[in-house]
Structures are given as C-alpha cells and as structure tokens.
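Following: one structure in structure tokens, then a few remarks.
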Amino acid sequence: MSKIPTVQINNLNKTFGTGDGAVVALDDINISIYQGEIFGIIGLSGAGKSTLVRCINLLEKPTTGSVIFEGVDITTYSDNQLRKVRQSIGMIFQGFNLLMQRNALDNVCFPLELVGMPRKEAKERARELLRTVGLADKEKAYPAQLSGGQKQRVAIARALATNPKVLLCDEATSALDPTTTQSILALLKELNQKLGLTVIIITHEMKVIEQICNRVAIIDNSRIEEIGTVDEVFRHPKTMAAKKLIFPKGEYVEKISGDGKYLRLVFEGNSADRPIIANMVLKCGAPVSIVFANTKNIDGQVFGHMIIKLPDDEEVFRKISKYLDIENITYSEEKDYV
Amino acid sequence: MFNEGMWLLVGQGLLETLYMTIVSTLMAYIIGLPVGMLLAVTDKEGIRPSPTVNRIVGGIVNVLRSVPFIILLVAVMPVTRFITGTSIGSTATVVPLVIAAAPFVARLVESSAKEVDRGVIEASLSMGASTMEVVCKVLLPEAKPSLIVGAAIATTTILGYSAMSGFVGGGGLGNIAINYGYYRSQTDIMLVMVAILVLIVQVFQEIGNLIANKCDKRIR
C-alpha cells in the first residue's frame, strides 16, 4: 500500500432537500482507500451507502466536504474535468445497466467511443476485455439473451475498458444467486490482483465482505460506525451497528440483564479435540453457562465465538482469564449488549 | 357514379393525402424530436434539470396542442400564404399540419425518452458521457422501438388532420369526401373515402409495429 490514498473522503456531508424537509444522507464521512485494496462498505438499506459511492465519482454532489482522487480534490472540478476523471473510475451496478439495444461487444465499446477511440481499435480492445471476463463467445449476444452473471461480466468489461484505477461496485452481486455471486467475486479478486485495481464494494451482504475485502467500513444511520480490517471488525465488532450487521437480529443481539459477567470467547482455529470449556469449568471450579455459541468445525479446527456467563466473583474471573491466556484464546468482557 | 374520371380523382386524392401526411410527419419530427428531447433532458428528473426552460417550452407546446386543428388551420392562413404563396392545396396544408403536429410529436418523443431506464443513463454518466452524448448515444438508440411506435401514432394522427383540411380546400381524400360526399350528398363516395383512410391508418400502424418489434433487441 502506498502512502497517498487513491480515494480520500474528507468530512463529507450530503443533505437532500432544504429547510424542514431536509434529509441527512451522509454525516461527516471520512475514509481513505489505498491503491490495490478491496474496500468494503456495508450497511443496511437506507444507511446511505449508495449515496456514498455516488459521491466518490460525483454522480451525487456532496453538500460539504471533499473527495480527493489521486491527490486532487475533484469536488472543485468543472463538468468537463469531471467527465475526464470519471474515465479513471469504473462503476458497476446491481441492475447491470447495460444498453439493451447494443450487443455485448458494442456495450464494451461504448466508453471507448466516449473517449474517441477509433472503431477498429475499440473493437479489438473490447474483444480482449470480453475474453478477460470469460465471455469471448458472447460478443454478438444482446443483454436480453444473457444471464444475470453474464450481464454483470459484460458490465465489468465495460467498466474496465478505459483502464480505470478504481472500480466502484454498487450492490453488484445483490441481484445474483449465490453461485454466480461467488464467480463474480472471484473475478473481481482476480482483476484486483492482476491489474492492481482498487475495488470499492458497497453491499448489505456479510458474505461478500468476508470473502474478498481487505478492509471494511460499517455505515449506519448515515455515519461511519467502524473502519478496520475485515478480521478485526468481524471478530471484535465494537459498535452496536457492527454487531447488528454481523450477527443478524434474534440470533445474538440481546440486552444484558441481571448480575454476572459476560465473556466473549473467540475461537480462531483451535483444535476441535480439546475440551476447552469443560476443562475450564473443572480447573477453575466455576459453573459457567453458555449464553450463545456460533462455532464451525473446519478440518478439525474450531472457528467462531461463544458468550459465557460467569458468576459475579472476581476470584473466578481471575482464574478463568488466566486459564484462557494459557490456552491462547482471545476473550473480551461484554457490557450492555452481547 | 363511380366512373373512370371519379377513380382518377380518387387516385390523385390518395397521392395528395400520402404526400401531405408523409411530408408533414417528417417536418414535424425535424422540429418535434429535438424539442421532445429538450423537454426530457430539462425535466426535474432529467440529466440537466432546468425548470425555467422546461416550463417555457412545455407551455408553448401545451398552448399549440390545445388549439383545435380546424381553428389553427384557418388562423395560420397568413403564415401559410407567406411561406407557400397560397392557402389552398396540399402543399399549403403542410404548414398548419406541421404547426399542429410538431408539439404533439415533441410530447411523444419526451415520453419515449423518459421510458429509458434511469440506471442506464447513470451508467453512461459514470463513464464520463456528456449531456449531448447521453442524448445521441443512449436516449435515442435505447428509446428507438418506442420512438417508432410513437411515429406510427403521429403519422396516423396527421393523416386524420389532413383529411380535416379538406374543409378549407386542402386537397386529398378528405377534400373529395367533403366535396362529393357532404356537399353533394353522395354518401357512397364518402364511405369509400372513409374506407380508404381506415385502410391507410391500418397499414401505417402495422408497419410501425413491425419495425418497432424488429429493431427491439429486448425481445428474443
């Protein structure tokens, strides 16, 4: 990662409407995204994530704040300058948004026509891109003849035609079935590695973030609640918004009531054979109850986390934390919400 | 009653009617297509919202559309005479036909342009398309099937107007229908004229639908 961010969003605010009817869509957003990253922005619908991604290529003009692209504040740009910049920022959409009256090849040619590339050269380039996305045999097909996954592949080829530095993905896999989602994500990952393309992914699906993102920002109620590496945020979500997203309602988020300490244990590939909890109870002589557990056994290793409730006793807590330290298990005390 | 001379007259009337209809439709589109696009683009949901332009142009269109054609026909006679040198005959009729049809065409074009998926327009903007490029490379081609259906509607409407112009000596089948069928009470001639007009409307409409379906790549 280089030091200067490819995309830097500073104190960005967006308000729709004025006066009493004004709706705040984005509230003081600050994000830096570096070259070669796959950066995820996750939030529930209505959180403001689509508005945020549209502010990056200024399809939506921020009310205040700046968007710095490769070191230059593009919010001050004229319409003409903006059109040039947009050729360096590709974008794909949930609805694919292909030109329905053009075949796959001509769809990919479209951005090349806009930059004035000669027809023959543009066709060559478009063919090469369709090969890259695995649709070399579909160049004559119209969007109506393609499946959802194929349409998104054409859209990706089209977005890449002008060699952009950044690819914005607005819920790009939300209209696709799980298998197709996988293959599109794999393609994005491949492009990221092969071309060094910076990818910004907007989604409401945890799986997408988990699978290909390096870092993630959680947006809730128009604000960024948490930013960090995917591992960090997913294993130790700090904010309520993050917990709500990572552990869907009913399964996990509950207000803690009553006495006692709540501990969250995180399993990051411990041996499935070792009876960790049972040993803990035996060694520390403490009756603990398991409030919640969500673990997976993958190849003999345990992944996941568990919430246990301890008796309200400092001595027991000291013993248990010592035991957990020795066993090398990450834990944290949970307050208010588990 | 239907002697050779009469058929000759009908043949000539048919040609005049087709001439008026086709020339007027073409000219109405030369004016109406850009105006319709302007209305779509400057709409508050359009790519270059401009309430002022939209209201002024939309206002003119509405005023022209609300004047009954038969009144317009008479009212614009001085203009017709100025442009064509005469106020009777089929060429003279083209002038009021265009004035009446262009605003109608503009509304048809506007509604076709608005049918184009907002997402596709957004995608082209995200690739750096200018307003002009969006109009020429996205709105027009994407709306093509709908525009063609609209053109068929416009043509048949203009055909109907052209028949009306028979009242003020406009020529064509409408003129024959009025002169022989109405003034001379020859109902059979009137019916034949109506039948021919119905037939032409059918043909234009069918051709329009056929081309629209043929060129629409969404249907496979």
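With respect to the conditions (1) in a loop (DSSP other than H, G, I, E, B); (2) under 28 Å from the mean Cα position of the chain (by Cα); (3) at the interface with chain B (Cβ under 8 Å from one of its Cβ atoms); (4) free of Cβ contacts under 8 Å to residues at least 60 places away in the same chain, residue A:95 lacks only one, and its number is (4). Does any residue of the stretch A:68-79 turn out to be part of a helix (DSSP H, G or I) and aliphatic (A, V, I, L, M)? Yes, some residue in the stretch A:68-79 is part of a helix (DSSP H, G or I) and aliphatic (A, V, I, L, M).
Tell me whether the stretch B:161-170 contains one or more residues that are open to solvent by 40 Å² or more (accessible area, probe 1.4 Å), of a type in the set (S, T, N, Q) and either under 25 Å from residue B:32 (Cα atoms) or within 14 Å of chain A (Cβ to nearest Cβ) (or both). No - not one qualifying residue is present in the stretch B:161-170.
Contact map, the stretch B:201-220: residues that are more than 8 Å from chain A (Cβ to nearest Cβ) paired with residues that are outside any helix (DSSP H, G or I) and of a type in the set (Val, Ile, Thr), Cβ distance under 8 Å, separation 6+ or inter-chain. Pairs shown: B:213/B:219. Could you check, for the stretch A:131-143, whether at least one of its residues is closer than 24 Å to residue A:189 by Cα, open to solvent by 30 Å² or more (accessible area, probe 1.4 Å), within 14 Å of another protein chain (Cβ to nearest Cβ) and in contact (Cβ under 8 Å) with a residue 40 or more places away in the chain? The answer is no; no qualifying residue exists.
Every residue, every condition in (1) part of a loop (DSSP other than H, G, I, E, B); (2) open to solvent by 30 Å² or more (accessible area, probe 1.4 Å); (3) over 17 Å from residue A:235 (Cα atoms), yes or no:
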| site | (1), (2), (3) |
| --- | --- |
| A:269 | no, no, no |
| A:274 | yes, yes, yes |
| A:279 | no, yes, yes |
| A:294 | no, yes, no |
| A:305 | no, no, no |
| A:308 | no, no, no |
| A:326 | no, yes, yes |
| A:331 | no, yes, no |
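Only one of the numbered conditions (1) at pLDDT 95 or above; (2) open to solvent by 30 Å² or more (accessible area, probe 1.4 Å); (3) at the interface with chain B (Cβ under 8 Å from one of its Cβ atoms) is violated by residue A:127, and that is (3). Only one of the listed residues (A:89, A:74, A:68, A:56) is modelled with pLDDT of 95 or more and within 8 Å of another protein chain (Cβ to nearest Cβ). That residue is A:89.
Candidates are the residues of the stretch A:43-60 that are touching a residue at least 60 places away in the same chain (Cβ under 8 Å) and in a loop (DSSP other than H, G, I, E, B); the one that is most open to solvent (accessible area, probe 1.4 Å) is A:45.
Exactly one residue out of B:106, B:129 is among the hydrophobic types (A, V, I, L, M, F, W, C), surrounded by 22 or more Cβ atoms within 10 Å (Cβ to Cβ) and facing chain A (nearest Cβ under 7 Å), and it is B:129. Assess whether residue A:79 counts as being within 14 Å of chain B (Cβ to nearest Cβ) and surrounded by fewer than 17 Cβ atoms within 10 Å (Cβ to Cβ). So residue A:79 passes the test. Inside the stretch A:2-42, residues that are on the phi < 0 side of the Ramachandran plot, part of a loop (DSSP other than H, G, I, E, B) and touching a residue at least 24 places away in the same chain (Cβ under 8 Å) make up a count of 7. Among the residues of the stretch A:98-120, those identified as within 8 Å of chain B (Cβ to nearest Cβ), crowded, with 17+ Cβ neighbours inside 10 Å and not in a helix (DSSP H, G or I) are A:98, A:99, A:100, A:101, A:102, A:103.
The values are calculated or read from the model by the stated rules, or taken from the named source; none is laboratory data. Bear in mind the structure is a predicted one, so any value in this text is a computation, not a measurement. Cβ coordinates were reconstructed from backbone atoms using ideal geometry, including for glycine residues, and neighbour counts include every protein chain displayed. Accessible surface is based on the protein model in full, side chains and every heavy atom, while ligands, DNA and RNA are left aside. Shrake-Rupley method; radii C 1.70, N 1.55, O 1.52, S 1.80 Å.
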